[in-house]
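Here is the structure we will look at.
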Amino acid sequence: MPVAKLRPISSHVAAVDLHAQFQVAVFLVRHEHGLLAIDSGFPGWAYAVLTAAQSLPEPNQITHVVLTHAHSDHIGGAGILARETGAEVLCSETERPYIEDGRSLAKAACSFGAKLSLTLNHWTQQRKVPPVRITGHLAPGDEIGGLSVVDLPGHTPGQIALVHGRDRLVLCADALFNVRGELGYDPTPGVTADLVAAEASMRRLADIGLDDVAPSHGPALLGDARERIAAFLERHGSA
Ligand SMILES: [Zn+2]
């Protein structure tokens with residue numbers, strides 16, 4: 001069982017920080033009837049997420065698990081969370097085959113290096129994910145539990161982010177990483193399928209125009225996200 005720590009981000013959103021060899025956050029978002037879980041951690045982490053949810057004030061039932069993208073550190077606990085809570089499990093239509101059917105993300109890779117890393121990742125990580133049944137799709141502009149859906153492809157072909165309108169916060173999944181004190185597209189070299197699309201998505205993330213952005217890996221950027229993303233793109237962007 002990983003160590004889980006709750007980290008409040010905004011009035012309706014807390015991160016469950018799950019640590020093993022690699023830090024991953026699952027976000028719990030409060031809505032009228034309970035909680036949305038945004039992602040589910042690596043396989044075997046579902047009970048830590050459930051315990052964290054149960055430690056929050058009622059209603060604390062997880063009603064929906066929203067999967068931002070198909071990587072095993074985001075979808076690994078979804079099957080168990082759904083079984084234990086009866087939650088709906090949602091993702092984008094593009095991402096569904098990589099989650100539900102176990103299709104390799106190497107098929108979406110835009111470079112030889114990414115194809116190689118994603119093939120390796122498929123055989124060493126993705127295939128260890130317990131089965132996940134998707135019960136519905138989310139498309140750009142859809143609203144759920146106070147969140148609206150934005151598509152930010154590149155890291156994977158159908159990655160989505162979620163914008164909390166009232167809290168003025170973007171849960172940007174892996175469209176941006178904030179690890180080792182630096183922003184970036186890809187902390188694990190090569191697992192981003194399409195770096196050109198990932199850069200375009202980071203520009204779109206800045207264009208959402210909010211100053212609070214919480215990535216799934218590393219601390220949230222609170223109050224200065226636009227500035228920091230612009231500075232990153234200035235240094236590393238190709239356009
Ligand atoms: Zn990822």
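Values in this text are rule-based calculations from the coordinates and carry no lab data. A quick note: this is a predicted structure, and the numbers were derived from the prediction, not measured. Glycine also receives a Cβ, built like all others from the backbone with ideal geometry; neighbour counts cover every protein chain displayed.
Between PRO59, PRO219, PRO43, the GNM of the chain built on Cα springs shorter than 10 angstrom shows PRO59 fluctuating the most.
Using the Cβ-Cβ distance between THR135 and THR188 with R0 set to 35 Å, the FRET efficiency works out to roughly 0.75.
As a check on your grasp of the helix formula, calculate [θ] at 222 nm for the chain: sum -39500 (n - 2.57) over DSSP H runs of n ≥ 4, divide by the residue count, round to the nearest 500. Only helices count here, giving -7500 deg cm²/dmol.
For the chain, a Gaussian network of Cα nodes joined below 10 Å ranks LEU116, LEU50, LEU169 by mean-square fluctuation, and the top entry is LEU116. Shown for HIS31, HIS122, HIS64: other C-beta atoms within 10 Å of each C-beta, ranked fewest to most, produce the order HIS31, HIS122, HIS64. Here the gap between HIS236 and TRP123, fully extended at 0.36 nm per residue and compared with their Cα-Cα distance, gives a gain of 37.6 nm.
Given a Förster distance of 41 angstrom, what is the FRET efficiency for HIS19 paired with GLU143, based on the Cβ-Cβ distance and rounded to 0.05? E between HIS19 and GLU143, to the nearest 0.05, is 0.80. Normalising the average separation of contacting C-alpha pairs (under 8 angstrom, six or more residues apart) by the number of residues puts the relative contact order of the chain at 15 percent. Compute a Gaussian network model of the chain, connecting alpha carbons closer than 10 Å, and tell me which residue from ALA37, ALA48, ALA78 fluctuates the most. Among ALA37, ALA48, ALA78, the largest mean-square fluctuation in the Gaussian network model of the chain belongs to ALA48. Here the label points at PHE112 and ARG203, each 7 Å from Cα along the C-beta direction, are separated by 2.8 nm in the simple model.
Working note: Debye formula, equal point scatterers on the alpha-carbon atoms of the chain, no solvent; log10 I(q)/I(0) at q = 0.10, 0.14 Å⁻¹ is -0.40, -0.83.
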